[in-house]
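As structure tokens, the structure follows; a few thoughts come after it.
The values are calculated or read from the model by the stated rules, or taken from the named source; none is laboratory data. This is a predicted model, so every value here is computed, not measured. Neighbour counts run over all protein chains shown; Cβ positions are idealised from the backbone, glycine included.
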Amino acid sequence: MNTTIESLSWLSQVATGSNTQLNQIGKIALWLGVLENAFSTAGFSFLAQKAQKETLMFYYINILICSLSTYCYLLMVMRQGDYITSDDYLVFWPRYLEFTLGTPLLLIDLGLVAGADPAELVFIIMCDILMMWSGWSATIATNETTKCGVFNVQLVRLLPSLPQTCVSVVIVRSLPTSMMT
């Protein structure tokens, strides 16, 4: 039984070629991202027209998230924001822009639904932004020592937030389901 990458034709197509070029599967995936996010933006915009005032903020936040993602995926598929790392890998800075702005919006959305404490929400959002940019820093780092250093610094920074996050998850999971609808 041949278990090499070459025996899996779709995986072989993804894995072959230059690290600095976007292959056909990558282009298709990015276009699917553009379309999915554009349709989601349109869907949330349509639903916002019928939303009650109490829930309108959630629709607005989701419209922002999806439109930002549409924009960033469009930049990537049009090859705007390409960056070739020192070890010759193609990365896209719009991905990090999307994560830096989009995940805090997701956290605000979830925080509003869960009734999170605003101070905790700000702390988690700042940790999230630092995590995104440490990922970018590690991606563009020119040597393994720097990459490992950035990872370890973020790991140490993350540790204090884990107990509170776990407690919050336990509290939310212990709520009756009628309170979460």
Given the criterion over 20 Å from the mean Cα position of the chain (by Cα), surrounded by fewer than 18 Cβ atoms within 10 Å (Cβ to Cβ) and part of a loop (DSSP other than H, G, I, E, B), identify the matching residue among GLN80, GLN52.
GLN52
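Could you check region 26-45 and list, in sequence order, the residues that are without any contact (Cβ under 8 Å) to a residue 40 or more places away in the chain, farther than 10 Å from ILE63 by Cα and surrounded by 14 or more Cβ atoms within 10 Å (Cβ to Cβ)? Break it down stepwise before answering.
Start the filter on region 26-45 by keeping residues that are without any contact (Cβ under 8 Å) to a residue 40 or more places away in the chain, which leaves 26, 28-29, 32, 35-45.
Keeping just the survivors that are farther than 10 Å from ILE63 by Cα gives 26, 28-29, 32, 35-36, 39.
Scanning region 26-45 gives GLY26, ALA29, GLU36.
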Name the residues in region 62-105 that are more than 30 Å from GLU120 (Cα to Cα), free of Cβ contacts under 8 Å to residues at least 40 places away in the same chain and aromatic (Phe, Trp, Tyr), would you?
PHE92
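With respect to PRO160, determine if the residue is over 30 Å from GLU54 (Cβ atoms) and either more than 20 Å from the chain's Cα centre (by Cα) or modelled with pLDDT under 80 (or both). It would help to see each step written out before you state the result.
Values: over 30 Å from GLU54 (Cβ atoms): yes; either more than 20 Å from the chain's Cα centre (by Cα) or modelled with pLDDT under 80 (or both): yes.
The answer is yes for PRO160.
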